[in-house]
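S.K.: Structure below; questions to follow.
The values are calculated or read from the model by the stated rules, or taken from the named source; none is laboratory data. On a predicted model such as this, the values are computed, not experimentally measured, just so you know. We place every Cβ from the backbone using ideal geometry, glycine too, and count neighbours over all the protein chains shown. Ligands, DNA and RNA are excluded from the accessible area calculation, which covers all protein heavy atoms including side chains. Shrake-Rupley method; radii C 1.70, N 1.55, O 1.52, S 1.80 Å.
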Amino acid sequence: MTSSPTVSDTSYDGMTVIVGAGLAGLTTALDLNRPCLLVTATDLGADCASDWAQGGLAAAVGPEDHPELHSQDTLRAGVGLCNPQAVRRIVSAGPAVVDHLLALGARLDQDTNGALRLGLEGAHRRHRIVHADGDGSGREMTRAVAQAVRATPTIHVMPHTRATRLHVDGNGHLSGIDLHHLDTDRHRHVATTHVVLATGGVGALFAHTTNPRGSWGSGLALALRAGAVARDLEMIQFHPTALDVGLDPMPLVSEAVRGEGAHLLDDTGARVLPDDLAPRDVVSRAVWARLTHGHRVFLDTPGSLGSSFAQHFPSITAACHAAGLDPTVDPLPVRPAAHYHMGGLIVDARCRTTVPGLWAVGEVASTGLHGANRLASNSLLEAVVTGRAAAADLRAHRRTSRRASRIPLAPHEVPLRHSDGPSPAIRTLMDHHCGVLRDDTHLRTAVEHLRDDADTDDAALVALLIAWSAKQRTESRGGHTRLDHPETSLPRHHDLTLVSALADIDNPATTRTRPSRSA
């Protein structure tokens with residue numbers, strides 16, 4: 001594809017560039033405490049997965065809780081693919097994260113005595129979910145950090161702008177970034193040796209998703225084309241209870257609704273499974289099984305919460321009313337939808353990717369926390385912890401960093417390897433062939449259809465690598481279920497670079513897998 005000319009822009013040369021303004025990107029910018037450029041395709045803190053998060057933030061702050069218990073629950077949910085050191089490091093920071101958000105002015109839910117109200121969600125053995133405004137947790141936490149960012153003059157915010165390319169020098173070190181301003185169609189190049197990707201997940205690659213339409217893996221594509229190593233791209237969590245009323249994206253019905261006692265029933269009135277708070281992969285498979293047998297599945301909110309539903313879940317109530325449903329009298333129709341990406345760019349404890357000068361935070365990163373199945377409400381926790389860790393490393397790193405060398409730019413139109421997002425055909429393909437239940441035949445079909453467009457279409461590229469990774473993992477584990485390989489084998493990660501993956505796809509006799517190791 002062609003575009004208007006890319007021009008050099010020295011205004012931001014040498015600054016750290018942060019791509020993405022959800023909770024992870026905002027936290028990075030705020031904690032950096034030095035001039036930086038914050039790029040977002042929308043407006044500050046708007047239409048991002050953090051802003052939409054309902055469930056809350058998991059932290060061991062209750063009197064009968066402890067970070068070690070939180071770690072054990074996280075490791076159990078991750079089914080052998082978590083990095084235990086990363087898990088303990090991140091969950092141990094939970095209480096400090098809560099204090100940090102309170103200090104920034106986040107209005108977290110408290111009881112009449114001023115103690116935090118702690119909810120219960122699937123696979124947690126303690127009440128440890130910190131909420132804000134019932135089911136408005138992500139919105140309130142993002143608001144508090146975004147407000148602090150707006151008040152910080154060293155943070156230069158560039159809204160309605162997409163990153164389209166990362167440049168690396170002859171040694172593979174980051175040397176710059178290309179940006180596209182959507183309102184003016186202006187393309188600019190910024191010379192920098194420090195970029196942080198905070199671009200979120202991949203849910204919008206699927207026709208049924210709870211994610212914003214911009215969450216289709218753009219950061220993965222940028223980093224992979226720059227030579228970064230990614231891990232476990234096949235590991236996608238499908239949330240079992242998206243509101244099934246024909247909307248795109250699908251409104252989420254938080255796991256906290258089941259935490260308050262709502263049961264999953266099919267259209268005959270039968271319970272879908274004995275434990276409504278089982279891990280999300282278990283619940284999603286159970287709901288999917290009923291749907292594939294011609295049933296519908298509902299959350300029995302009238303039978304569990306009745307008239308108190310709106311008090312507990314005002315955002316969900318508003319979404320239901322907009323769809324013509326009243327959760328106090330109407331059971332809510334639900335189905336699984338692509339919700340969270342456990343895979344991502346490999347990062348270390350400082351959030352450094354394998355490309356020198358490139359960091360990744362939040363959902364785009366693979367920190368080792370989530371393994372094969374994210375524990376509910378660990379994502380907002382990870383967003384803040386990784387954002388702060390990257391900022392701390394950047395502060396230390398910049399004291400000894402080299403200068404970026406400006407890349408000469410041709411004065412004519414240049415092809416840009418990016419897309420505005422997945423086509424309807426890609427989204428339908430991924431839903432049908434790479435969804436809750438997978439097999440070799442469907443995954444092979446997806447790979448064959450996506451390969452031709454992957455060289456020039458970033459959305460097709462990310463979808464291809466997810467499908468290929470799913471085809472290569474010949475076992476069932478966590479969020480990845482293979483009908484033709486229902487057993488679980490020895491734990492192993494799937495690492496890939498763009499070059500190695502495309503070589504394997506074009507020569508399928510070659511496979512590259514390795515034993516599990518710490519990140």
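For every residue, the table says whether it meets (1) of a type outside the set (Gly, Ala, Ser); (2) open to solvent by 20 Å² or more (accessible area, probe 1.4 Å); (3) at pLDDT 95 or above; (4) part of a loop (DSSP other than H, G, I, E, B).
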| position | (1), (2), (3), (4) |
| --- | --- |
| Thr152 | yes, yes, yes, yes |
| Ala163 | no, no, yes, no |
| Gly170 | no, yes, no, yes |
| Leu179 | yes, no, yes, no |
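S.K.: Taking the residues in the range 324-339 that are among the β-branched types (Val, Ile, Thr) and not in a strand (DSSP E or B) as candidates, determine which candidate is least open to solvent (accessible area, probe 1.4 Å).
M.R.: Taking the range 324-339 first, the residues among the β-branched types (Val, Ile, Thr) are 328-329, 334.
Filter again for not in a strand (DSSP E or B), leaving 328-329.
Working: Thr328: 44, Val329: 94 Å².
Only one residue tops the list, namely Thr328.
S.K.: Given the options Ala191, Ala207, Ala221, name the one that is more than 13 Å from the chain's Cα centre (by Cα), of a type in the set (A, V, I, L, M) and closer than 27 Å to Ser254 by Cα.
M.R.: When all the criteria are applied, what remains is Ala207.
S.K.: Go through the range 190-216 and count every residue that is surrounded by fewer than 24 Cβ atoms within 10 Å (Cβ to Cβ) and small (Gly, Ala, Ser).
M.R.: Final tally of qualifying residues: 3.
S.K.: When you scan the range 251-264, how many residues do you find that are open to solvent by less than 10 Å² (accessible area, probe 1.4 Å) and outside any helix (DSSP H, G or I)?
M.R.: Residues flagged as open to solvent by less than 10 Å² (accessible area, probe 1.4 Å) and outside any helix (DSSP H, G or I) within the range 251-264 amount to 4.
S.K.: Still on this structure, I have one more. How many of the residues making up the range 421-434 are buried (at least 16 other Cβ atoms within 10 Å of the Cβ) and either modelled with pLDDT of 95 or more or not small (Gly, Ala, Ser) (or both)?
M.R.: 8
S.K.: Here is a check on your reading of the model: is Leu26 surrounded by 24 or more Cβ atoms within 10 Å (Cβ to Cβ) and within 17 Å of Arg150 (Cα to Cα)?
M.R.: The answer is yes for Leu26.
S.K.: Another question, then. I want to confirm something. Restricting to the range 73-83 and keeping residues that are open to solvent by 40 Å² or more (accessible area, probe 1.4 Å) and assigned to a helix (DSSP H, G or I), which single residue is modelled with the highest pLDDT?
M.R.: By that ranking, first place goes to Leu75.
S.K.: Could you check the range 60-72 and list, in sequence order, the residues that are touching a helix residue (DSSP H, G or I) at 6+ places or on another chain (Cβ under 9 Å) and open to solvent by less than 20 Å² (accessible area, probe 1.4 Å)?
M.R.: Passing the criteria: Ala60, His70, Ser71.
S.K.: Another one. So for the range 53-73 (the condition being acidic (Asp, Glu), touching a residue at least 60 places away in the same chain (Cβ under 8 Å) and farther than 17 Å from Arg374 by Cβ), does at least one residue qualify?
M.R.: yes
S.K.: Can you find even one residue in the range 34-46 that is in contact with a His (Cβ under 6 Å, 6 or more places away or on another chain), modelled with pLDDT of 95 or more and hydrophobic (A, V, I, L, M, F, W, C)? Even if it seems obvious, please write down each step before you answer.
M.R.: The first filter runs over the range 34-46 and keeps only residues in contact with a His (Cβ under 6 Å, 6 or more places away or on another chain), leaving 37.
After this cut, where a residue has to be modelled with pLDDT of 95 or more as well, the list is 37.
Within this subset, residues satisfying the condition of being hydrophobic (A, V, I, L, M, F, W, C) are 37.
Looking for residues that are in contact with a His (Cβ under 6 Å, 6 or more places away or on another chain), modelled with pLDDT of 95 or more and hydrophobic (A, V, I, L, M, F, W, C), one finds at least one in the range 34-46, hence yes.
S.K.: Would the range 104-126 turn up any residue that is buried (at least 24 other Cβ atoms within 10 Å of the Cβ) and modelled with pLDDT of 95 or more?
M.R.: No, the range 104-126 contains no residue that is buried (at least 24 other Cβ atoms within 10 Å of the Cβ) and modelled with pLDDT of 95 or more.
S.K.: Follow-up question, since we're still on this one. Being assigned to a loop (DSSP other than H, G, I, E, B) and surrounded by fewer than 18 Cβ atoms within 10 Å (Cβ to Cβ) is the filter here; which residues of the range 278-299 pass it?
M.R.: Residues satisfying the conditions are Ala278, His293, Gly294, His295, Arg296.
S.K.: Which residues, taken from the range 293-331, are closer than 16 Å to Pro251 by Cβ and of a type in the set (A, V, I, L, M)?
M.R.: Hits for the range 293-331 are Val297, Leu299, Ala310, Ile316, Ala318, Ala319, Ala322, Ala323, Leu325.
S.K.: Restricting attention to the range 29-58, which residues are in a helix (DSSP H, G or I) and over 17 Å from Ser218 (Cα atoms)?
M.R.: Residues of the range 29-58 in a helix (DSSP H, G or I): 29-32, 49-52.
Passing the criteria: Ala29, Leu30, Asp31, Leu32, Asp51, Trp52.
S.K.: Scan the range 139-167 for residues that are in contact with a Ser or Thr (Cβ under 6 Å, 6 or more places away or on another chain) and either free of Cβ contacts under 8 Å to residues at least 60 places away in the same chain or over 15 Å from Thr28 (Cβ atoms) (or both) and report the count.
M.R.: 2
S.K.: Further question: Return the pair list, or none, for Cβ contacts closer than 7 Å from residues in the range 4-17 that are at pLDDT 90 or above to residues that are part of a strand (DSSP E or B) and open to solvent by 10 Å² or more (accessible area, probe 1.4 Å), at least 6 apart or on different chains.
M.R.: Partner pairs satisfying both residue conditions: Tyr12/His156.
S.K.: Out of all the residues in the range 134-148, which are among the hydrophobic types (A, V, I, L, M, F, W, C) and either crowded, with 20+ Cβ neighbours inside 10 Å or in contact with a His (Cβ under 6 Å, 6 or more places away or on another chain) (or both)?
M.R.: Listed by number, the residues that qualify are Met141, Ala144, Val145, Ala146.
S.K.: For Ala86, indicate whether it is within 20 Å of the chain's Cα centre (by Cα) and assigned to a loop (DSSP other than H, G, I, E, B).
M.R.: no
S.K.: With the requirement that a residue be touching a Leu at 6+ places or on another chain (Cβ under 9 Å), in a loop (DSSP other than H, G, I, E, B), on the phi < 0 side of the Ramachandran plot and surrounded by 24 or more Cβ atoms within 10 Å (Cβ to Cβ), what does the range 340-373 give you?
M.R.: Met342, Gly343, Thr353, Val361, Leu369, His370, Ala372, Asn373
S.K.: Out of the residues in the range 338-359 meeting the condition of being small (Gly, Ala, Ser) and touching a helix residue (DSSP H, G or I) at 6+ places or on another chain (Cβ under 7 Å), tell me which one is nearest to Val283 (Cα to Cα). Walk me through how you get there before you give the answer.
M.R.: So the first thing to find is which residues in the range 338-359 are small (Gly, Ala, Ser), and the list is 338, 343-344, 349, 357.
If we keep only those that are touching a helix residue (DSSP H, G or I) at 6+ places or on another chain (Cβ under 7 Å) as well, we get 338, 344, 349.
On the way: Ala338: 13, Gly344: 24, Ala349: 32 Å.
Step by step, filter the range 338-359, then rank; the result is Ala338.
S.K.: Limited to the range 229-250, what total is found for residues that are in a loop (DSSP other than H, G, I, E, B) and either in contact with a Gly (Cβ under 9 Å, 6 or more places away or on another chain) or buried (at least 24 other Cβ atoms within 10 Å of the Cβ) (or both)?
M.R.: So the count comes out to 7.
S.K.: Here's another thing I want to ask about it. Whether any residue in the range 270-277 is in contact with a Pro (Cβ under 9 Å, 6 or more places away or on another chain), at pLDDT below 95 and either of a type in the set (A, V, I, L, M) or in a helix (DSSP H, G or I) (or both) is what I want to check.
M.R.: Looking for residues that are in contact with a Pro (Cβ under 9 Å, 6 or more places away or on another chain), at pLDDT below 95 and either of a type in the set (A, V, I, L, M) or in a helix (DSSP H, G or I) (or both), one finds none in the range 270-277, hence no.
S.K.: Given (1) of a type in the set (Val, Ile, Thr); (2) in contact with a strand residue (DSSP E or B) (Cβ under 6 Å, 6 or more places away or on another chain); (3) open to solvent by 40 Å² or more (accessible area, probe 1.4 Å), identify the lone condition not met by Thr42.
M.R.: (2)
S.K.: Counting only residues that are open to solvent by less than 20 Å² (accessible area, probe 1.4 Å) and part of a loop (DSSP other than H, G, I, E, B), which one in the range 217-228 is nearest to Leu429 (Cα to Cα)?
M.R.: Gly217
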